[in-house]
Amino acid sequence: MIKSILIFNNHGKPRLIRFYQYFPEDMQQQIIRETFHLVSKRDDNVCNFLEGGSLIGGSDYKLIYRHYATLYFVFCVDSSESELGILDLIQVFVETLDKCFENVCELDLIFHMDKVHYILQEVVMGGMVLETNMNDIVAQVELQNRMEKSEGGLSAAPARAISAVKNMNLPEMPRNINIGDINIKVQSLSPF
């Protein structure tokens, strides 16, 4: 099972953090720092698997990571997961991000955090792998984008609410509303 997914840059700044096991906030920060120090000090020519840090579970857990340009993608998993399978999953996740953002970079993770989290939820949810087919993931992301555009996004919500109220077909404007012990007097809404 995947215990956490951490993405941080070369300077240790977290760009995406997802824990699938509860840790208090201060412990999460310590885990991020420890993981960054463990991963960043390794040479590029060594394998991408290592034992988990002392804070996240020690030898019972493994850190599996890939370093792309300025970002480290780190998955912390328990001993039941396959190292090569998780490496492949990281590759699928990064390629999906690259396809959705057209040359993904660190700024995409910062400014499109909602979309990045949505993509991650298509791949992994609750620490379990849901989907590994990049084409299916991209199709779901495109479907979500089309649905957001058809609804007009959040910016169109107030206009839709106003038009819905205007289109209400009330025979007469209510004057007094009685709900239990609460009495509400409604003033005339028309300017006439």
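So who's got an amide H within less than 5 Å of the one on V104, skipping anything under 5 residues away but keeping other chains? H placed 1.01 Å off N, in plane.
D98
Eight or more residues apart or on different chains, and alpha-carbon atoms under 21 Å: count the Lys pairs in region 1-107 matching that.
4
Hey, can you grab everything whose amide H is under 5 Å from the amide H of V124? Only 5+ residues off in sequence or another chain; H modelled, so Pro and N-termini drop out.
L130
Counting other C-beta atoms within 10 Å, and keeping those with at most 11, which DSSP coil trypsin sites (Lys or Arg not before Pro) do you find in region 5-84?
Qualifying residues, ordered by number: K41.
Need one number: convex hull volume per residue for region 107-149, Cα atoms only, in Å³.
Residue-normalised Cα hull volume stands at 80 Å³.
Hey, could you pull the Cα Rg and Dmax for region 17-152, both in Å?
15.7, 49
What is the local net charge at S79, summed over the other residues whose Cβ is closer than 12 Å to its Cβ (Lys, Arg +1; Asp, Glu -1)?
On the way: positive: K3, K62; negative: E51, D60, D78, E81, E83.
Neighbourhood net charge equals -3.
Could you order H37, H67 by accessible surface area, starting with the largest, using a probe radius of 1.4 Å?
Ranked from most to least accessible, the order is H37, H67.
What does the convex hull of the alpha-carbon atoms of region 1-90 project to on average, in nm²?
On the way: hull surface 21.2 nm².
Spelled out: convex hull of the Cα atoms, projected over all directions, averaged, 5.3 nm².
I want the local charge near Y61. Using Cβ-Cβ distances under 13 Å, sum +1 for each Lys or Arg and -1 for each Asp or Glu among the other residues.
Net local charge, Y61 excluded: -4.
The values are calculated or read from the model by the stated rules, or taken from the named source; none is laboratory data. Source: prediction; values computed, not measured. Glycine also receives a Cβ, built like all others from the backbone with ideal geometry; neighbour counts cover every protein chain displayed. Accessible surface is based on the protein model in full, side chains and every heavy atom, while ligands, DNA and RNA are left aside. Shrake-Rupley method; radii C 1.70, N 1.55, O 1.52, S 1.80 Å.
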